[in-house]
Every structure is written in C-alpha cells, then in structure tokens.
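Okay, so here's the structure we're looking at.
The values are calculated or read from the model by the stated rules, or taken from the named source; none is laboratory data. All values derive from a computational prediction rather than experimental measurement. A quick note on method: Cβ atoms are made from the backbone with ideal geometry, for glycine too, and the neighbour counts reach across all protein chains shown.
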Amino acid sequence: MTIAGKIESTIAIPSGVTVSQDASVLTVKGPKGELSRNFAHPGIDVAVVGEEVSVSCEYPRIKDKAMVGTYVAHVRNMIHGVTEGYTYHLKIVFSHFPMKVTVKGDRVEINNYMGGHAPRYANIVRGCTVKVNGQDVTVDGIDIEACGQTAANLERATSRLGFDKRTFQDGIYIVQKSHKVKE
C-alpha cells in the first residue's frame, strides 16, 4: 500500500554542531565528540541542506513512513549526544550479602552476588564510561545505544532465573536516565 505524496522531515542543526555526509554515512561533531551512522535504505534520502538535516521519501509505503520517523529519531539522538551526552544512573541493591562492584578494563566485575563465590561480569560497550560510587553506578557516553546497552548488561548480569523479583530484590537496577528526566 502506497501513501500519497512525499514525506519529509527536517531536523535543525544547533550552533556548535557540524553535520557532514559521505554517501549514506552521516557524521555529527559537537563539543562532546563525534558520532557516525550509516543511513542506507532504498527509497529514503538523508541529506544535509544548509543548517538542517532532511529525511525524505518520494513514494512512501507504510514501512517507509515508519523508517523516516526512525531516521529522524536517530539524528536527533546523535545531536543530543554530541551536545549534552547521556547518563544512566543505576542502584546496587542487596538485602544480606553485600555486593562488591568494580570496573576492570572494559567490563564490570560483580562479586558476592547473593553470597555466590564466582564473580559475574558485565561488558562495557566502547565509548561508555562506568563509575561506581558506593551503591550508585553511573554510565556516561555520547551514544544512546551504547549507554543503554551497557546499563542493560549491568542489570542482566545480576538477574536470577526462578526467583521472584518482588521477594529477592538483590541486583543492579536502572533508576534514572538523563534524557527521561521529568521536570
């Protein structure tokens, strides 16, 4: 099913941010760093026009309309990342056995989870930094997908199958995301 007309969305480029394009690869540079992403999709055009990024589709189908919205969200996330960055706040929760959480290279080591002797590990995705301060864990970075995956890796490392989360609440949990703060 084809939707009549052309679909086009534009994203304004803020001052201090430069966006360049090489074929289908879009590169966004800002005060916090640089992000690149490949926007190759048949029928959808991504172009830098003046001080805007334009995402359009000439003869869209329903799936193409959804992909235009997805590409717009990706570009907005890239711009937000290089200007403000992303921060995930996690909390270490235990009832009896105190967990020891340390950052070792490109992964986080979790010791004494539920009194267990074997350490558990969570990978840190490249481009993210993890800081442990007492019971608080902070994941920082400019790529929203990398920060979200690192936070999910930490949560997943302390999940335990067969136990009710309402009763056995030990683990590491996301408590706040910087881009989802309610004001």
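Please return the ranges of strands (runs of 3 or more DSSP E) entirely within the range 75-121 where 2 or more residues are crowded, with 16+ Cβ neighbours inside 10 Å and in contact with a strand residue (DSSP E or B) (Cβ under 7 Å, 6 or more places away or on another chain).
Numbers: elements: 86-93, 100-104, 107-111.
It comes to 86-93, 107-111.
Is it fair to say Ile124 is of a type outside the set (Gly, Ala, Ser), surrounded by 14 or more Cβ atoms within 10 Å (Cβ to Cβ), in contact with a helix residue (DSSP H, G or I) (Cβ under 9 Å, 6 or more places away or on another chain) and at pLDDT 95 or above? Show your work before the answer.
Values: of a type outside the set (Gly, Ala, Ser): yes; surrounded by 14 or more Cβ atoms within 10 Å (Cβ to Cβ): yes; in contact with a helix residue (DSSP H, G or I) (Cβ under 9 Å, 6 or more places away or on another chain): yes; at pLDDT 95 or above: yes.
Judged against the criteria, Ile124 is a match.
Kindly provide the set of residues from the range 35-50 that are free of Cβ contacts under 8 Å to residues at least 40 places away in the same chain, under 19 Å from Asn77 (Cβ atoms) and either surrounded by 15 or more Cβ atoms within 10 Å (Cβ to Cβ) or of a type outside the set (Gly, Ala, Ser) (or both), ordered by number. Walk me through it before giving the result.
In the first step, residues of the range 35-50 are kept if they are free of Cβ contacts under 8 Å to residues at least 40 places away in the same chain; the result is 36, 38-50.
Restricting the remaining residues to those that are under 19 Å from Asn77 (Cβ atoms) gives 36, 38-41, 44, 46-48.
If the condition is that a residue be free of Cβ contacts under 8 Å to residues at least 40 places away in the same chain, under 19 Å from Asn77 (Cβ atoms) and either surrounded by 15 or more Cβ atoms within 10 Å (Cβ to Cβ) or of a type outside the set (Gly, Ala, Ser) (or both), then Asn38, Phe39, His41, Ile44, Val46, Val48 are the ones that fit.
Scan the range 56-69 and report the pairs whose first residue is crowded, with 17+ Cβ neighbours inside 10 Å and whose second residue is charged (D, E, K, R), with Cβ atoms within less than 6 Å and a gap of 6+ or a chain change.
Close Cβ pairs satisfying both conditions: Ser56/Glu8; Ser56/Asp45; Cys57/Asp64.
Examine the range 132-153 for a residue that is touching a Phe, Trp or Tyr at 6+ places or on another chain (Cβ under 6 Å) and either at pLDDT below 90 or surrounded by fewer than 15 Cβ atoms within 10 Å (Cβ to Cβ) (or both), and state whether such a residue exists.
No; the residues of the range 132-153 include none that is touching a Phe, Trp or Tyr at 6+ places or on another chain (Cβ under 6 Å) and either at pLDDT below 90 or surrounded by fewer than 15 Cβ atoms within 10 Å (Cβ to Cβ) (or both).
Please count how many residues of the range 9-33 are exposed (fewer than 14 other Cβ atoms within 10 Å of the Cβ) and in a strand (DSSP E or B).
Looking only at that region, the number is 6.
Considering Lys100, Lys177, Lys165, which residue is among the basic types (Lys, Arg) and either at pLDDT 95 or above or in contact with a Cys (Cβ under 9 Å, 6 or more places away or on another chain) (or both)?
Of Lys100, Lys177, Lys165, the one residue that is among the basic types (Lys, Arg) and either at pLDDT 95 or above or in contact with a Cys (Cβ under 9 Å, 6 or more places away or on another chain) (or both) is Lys177.
Identify, by number, the condition in (1) of a type in the set (Gly, Ala, Ser); (2) modelled with pLDDT of 90 or more; (3) over 25 Å from Cys128 (Cα atoms) that Gly50 doesn't meet.
(2)
If you scan the range 156-175, which residues turn out to be of a type in the set (Asp, Glu) and closer than 12 Å to Met114 by Cβ?
Asp170 - this is the single residue of the range 156-175 that is of a type in the set (Asp, Glu) and closer than 12 Å to Met114 by Cβ.
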